[in-house]
Amino acid sequence: MDKEVLRLAIVDQRKSVGERFKAKSIITRDAIEYVTLKNPTAFVILGVRRSGKSTLSEQLFFERKFGYINFDDERLLGVDKNDLNVILQIFYELYGSDLENIILDEIQLVPGWEPFVSRLRDTKKVIVTGSNSKLLSGELSTRLTGRHVDLLLFPFSFHEFLVYKQWNPPRAFSTVDRAEVIKLMNEYVLSGGFAEQFTQGRQIIRNIYNDIITKDVVIRHKIKHIDDLRQVARFLVSNSSKEFTYSSLRSITKVKNLITLSNWIRYLEEAYLIFKVERFSYKLKQTILAPKKIYCVDSGIIEEVSPEPTDNKGRLMENIAAIELIKESKNGGKYEVFYWKDHQGREVDFVVKMGRTVSQLVQVTYASSREAIDSREINSLILASRELRCDNLLVLTWDYEGSAVLEGKKLIFVPLWRWLLNVKSPVE
């Protein structure tokens with residue numbers, strides 16, 4: 001590719017970075033606490049499109065000299081591995097030969113990029129970002145075994161949402177504080193955490209969703225049956241927090257090949273649009289064969305993509321809780337997340353398993369009083385507690401907190417907003 005085209009793109013992109021930091025206050029992401037930049041290491045930031053990977057990268061090198069290029073730029077179509085050293089040369093020309101910090105944004109768009117990053121990380125601090133989980137597979141994984149740190153970034157958490165809204169949780173919540181946080185929680189449940197919607201409106205959420213489907217799935221994997229793929233994706237997102245089977249998907253599309261449908265779901269997972277949670281069983285075969293539950297990366301996408309507004313806020317709450325658990329498990333948490341269901345259809349939303357031990361059972365309900373909690377949810381939790389030998393029982397509610405001992409089992413009830421903020425409940 002022409003060197004001057006590369007130079008112009010790099011200069012323009014870097015100018016945009018500076019303008020972005022000057023034009024508005026940038027929220028410090030909670031994920032920064034997981035980050036340690038040191039040589040010799042490549043730091044890999046993965047996550048769904050528009051989750052803030054670029055901004056986090058820039059924050060990590062804030063007030064340092066760094067080279068930056070985003071390959072998700074129409075001017076850079078056709079860049080290949082042979083152009084990467086030219087890009088490095090341009091960085092040196094622009095920022096000096098002592099440049100130590102480099103950000104390569106959406107690097108997976110350049111075929112054969114892995115050896116270049118492997119060479120760079122020996123002498124420089126390199127941040128690599130990507131919107132596809134396969135970024136860490138294949139050659140990069142082989143070349144950087146034990147020599148990279150990775151982080152999975154999600155849209156704004158509830159805490160980050162409150163920071164953006166300039167609302168600081170008090171140490172002790174008054175009646176007014178509770179009313180305000182519940183109001184904000186309601187907004188977050190329905191709007192989700194994609195930051196751009198707060199300045200550009202909700203339409204940007206649909207644009208993000210369409211970009212994920214088009215750029216990260218259709219184009220990347222050369223999908224031929226595009227309308228069918230979109231139908232499957234919309235079905236899964238609209239039915240977040242529900243069970244599905246691969247066979248059931250055949251009823252909503254002309255594509256009947258289970259391998260094709262399975263591949264499509266894997267592509268949607270690789271793009272971080274959806275996350276699959278398996279049914280818990282001590283028998284691996286049963287776990288494999290049982291229906292899965294699907295969760296969407298952001299509740300705002302669910303609201304925007306569903307054919308009609310979600311009338312079950314409990315499902316959105318469950319989706320938010322699932323993403324929070326998945327986020328922690330993917331970023332250093334030493335646990336796995338499942339759901340539980342017996343042959344009579346009694347269900348517990350989340351089984352948290354550490355090693356061979358079930359450490360916690362979590363039920364989610366849209367309830368603001370003890371009386372509003374469906375007895376079937378409590379009975380299922382107690383039944384699973386006995387079967388899985390776990391006494392750490394948590395019920396996430398809309399705005400009820402307390403505790404109860406039922407059938408010899410202690411249950412803790414915590415509002416979802418308090419749990420998300422990691423604010424200790426008075427009854428814990």
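Read-outs: derived from the displayed coordinates by stated rules, not from any lab. All figures in this text were calculated on a predicted structure; none of them were measured in a lab. With ideal geometry, Cβ positions are generated from the backbone for all residues, glycine too; neighbour counts draw on all protein chains shown.
Can you list the HN-Hα couplings for the range 202-215, worked out from phi with the Karplus curve (6.51, -1.76, 1.60; θ = phi - 60°), rounded to whole Hz and with x for Gly and Pro?
Karplus-based 3J(HN,Hα) across the range 202-215 equals 5, 4, 5, 5, 5, 4, 4, 4, 5, 5, 4, 5, 6, 7 Hz.
What's the local net charge at Ile259, with K and R +1, D and E -1, over the other residues with C-beta under 13 Å away?
Net charge around Ile259: +3.
If each residue's Cβ is checked for other Cβ atoms within 10 Å, how do Lys327, Lys81 rank with the fewest at the top?
By the 10 Å Cβ count, ascending: Lys81, Lys327.
On C-alpha positions alone, give me the angle between the axis of helix 375-388 and the longest principal axis of the chain, in degrees, nearest 10.
70 degrees
Would you order Ser385, Ser262 from fewest to most other beta-carbon atoms within 10 Å of each residue's own beta-carbon?
Least to most surrounded, the residues fall as Ser262, Ser385.
Give me the percent relative contact order of the range 312-428, please, defined on Cα pairs under 8 angstrom at least 6 residues apart.
19 percent
Order of Lys276, Lys125 from fewest to most other C-beta atoms within 10 Å?
In order of increasing Cβ crowding within 10 Å: Lys276, Lys125.
Could you go through the range 218-229 in sequence order and give the Karplus-derived ³J(HN,Hα) for each residue, using 6.51 cos²θ - 1.76 cosθ + 1.60 with θ = phi - 60°, rounded to whole Hz, and x for Gly and Pro?
Rounded to whole hertz, the list is 4, 6, 4, 9, 6, 5, 8, 8, 5, 4, 5, 4.
Using the Karplus curve 6.51 cos²θ - 1.76 cosθ + 1.60 with θ = phi - 60°, what ³J(HN,Hα) values do you get for each residue of the range 290-299, in whole Hz, with x for Gly and Pro?
6, x, 9, 10, 10, 10, 8, 4, 8, 5
Going through the cross-link list Lys293/Lys313; Lys53/Lys327; Lys15/Lys81; Lys53/Lys353; Lys254/Lys292; Lys81/Lys224, which pairs have a Cα-Cα distance over 20 Å in this structure?
The answer is Lys15/Lys81; Lys53/Lys353; Lys254/Lys292; Lys81/Lys224.
Which of the peptides 155-162, 67-74 is most tightly packed, and how do the rest follow, going by the mean number of other Cβ atoms within 10 Å of each residue?
The peptides rank, most packed first, as 155-162, 67-74.
What residue among Gly408, Gly333, Gly96 shows peak mean-square fluctuation when the chain is described by a Gaussian network model with Cα springs under 10 Å?
Gly408
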